[in-house]
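Reading through the structure tokens given below for one structure.
The values are calculated or read from the model by the stated rules, or taken from the named source; none is laboratory data. In this text, all values refer to a predicted model and were calculated from it rather than measured experimentally. Cβ coordinates were reconstructed from backbone atoms using ideal geometry, including for glycine residues, and neighbour counts include every protein chain displayed.
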Amino acid sequence: MLLISNLRYLCEIINSNGKMKIKAKLLLNVVAAFLIPAGLVLFASCEKYVFQVETVDPVEPVLFQTQIQPIFTSNCIVCHKGSRNPDLRDGSSYASLTTGGFVNLPADNSRLYKQIISGSHTSFTLDIEKQLVHIWIEQGAQNN
């Protein structure tokens with residue numbers, strides 16, 4: 001409220017005095033001369049950072065216990081904790097996936113991979129996690 005009354009007061013002074021009108025216009029031009037370039041520099045700097053999508057080297061072995069199981073533990077356990085197939089709890093997941101028909105070659109046709117890249121499950125995993133699962137299946141889905 002105080003700010004509005006101060007602005008009204010300034011407007012009355014500027015409108016009643018001819019010299020003040022000139023000074024106000026000059027001040028407005030100076031402020032605009034600094035703010036416009038500063039704004040352009042600020043908005044142009046948004047393109048400074050470029051983020052690259054992480055990729056997984058398909059030649060490096062993907063380990064079930066240290067790379068795949070943590071994906072299930074952090075993303076899937078809420079629903080797949082024994083009451084829904086496949087059971088993805090640590091200690092049960094490998095057997096559940098391999099004997100339940102969720103893992104088969106080629107990886108693109110694997111039921112597990114199709115599930116994590118489509119439908120409601122796609123948002124639960126990151127792209128790099130999807131890549132890891134795909135490569136793990138392509139490498140033979142070893143329990144290592």
Inset, instruction - Kindly establish whether Phe64 is closer than 13 Å to Ala141 by Cα and either surrounded by 12 or more Cβ atoms within 10 Å (Cβ to Cβ) or modelled with pLDDT of 90 or more (or both). - result: yes
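Test Val103 against the criterion of being of a type in the set (Val, Ile, Thr), surrounded by 15 or more Cβ atoms within 10 Å (Cβ to Cβ), touching a helix residue (DSSP H, G or I) at 6+ places or on another chain (Cβ under 8 Å) and not in a helix (DSSP H, G or I), and give yes or no. Give the steps one after another, and end with the answer.
Values: of a type in the set (Val, Ile, Thr): yes; surrounded by 15 or more Cβ atoms within 10 Å (Cβ to Cβ): yes; touching a helix residue (DSSP H, G or I) at 6+ places or on another chain (Cβ under 8 Å): yes; not in a helix (DSSP H, G or I): yes.
Spelling it out, Val103 is indeed of a type in the set (Val, Ile, Thr), surrounded by 15 or more Cβ atoms within 10 Å (Cβ to Cβ), touching a helix residue (DSSP H, G or I) at 6+ places or on another chain (Cβ under 8 Å) and not in a helix (DSSP H, G or I).
Every residue, every condition in (1) part of a helix (DSSP H, G or I); (2) outside the structural domain of Ser123 (by TED's automatic domain parsing); (3) at pLDDT below 70; (4) at negative phi, yes or no:
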residue	(1), (2), (3), (4)
Cys11	yes, yes, yes, yes
Ala24	yes, yes, yes, yes
Val59	no, yes, no, yes
Gln69	yes, no, no, yes
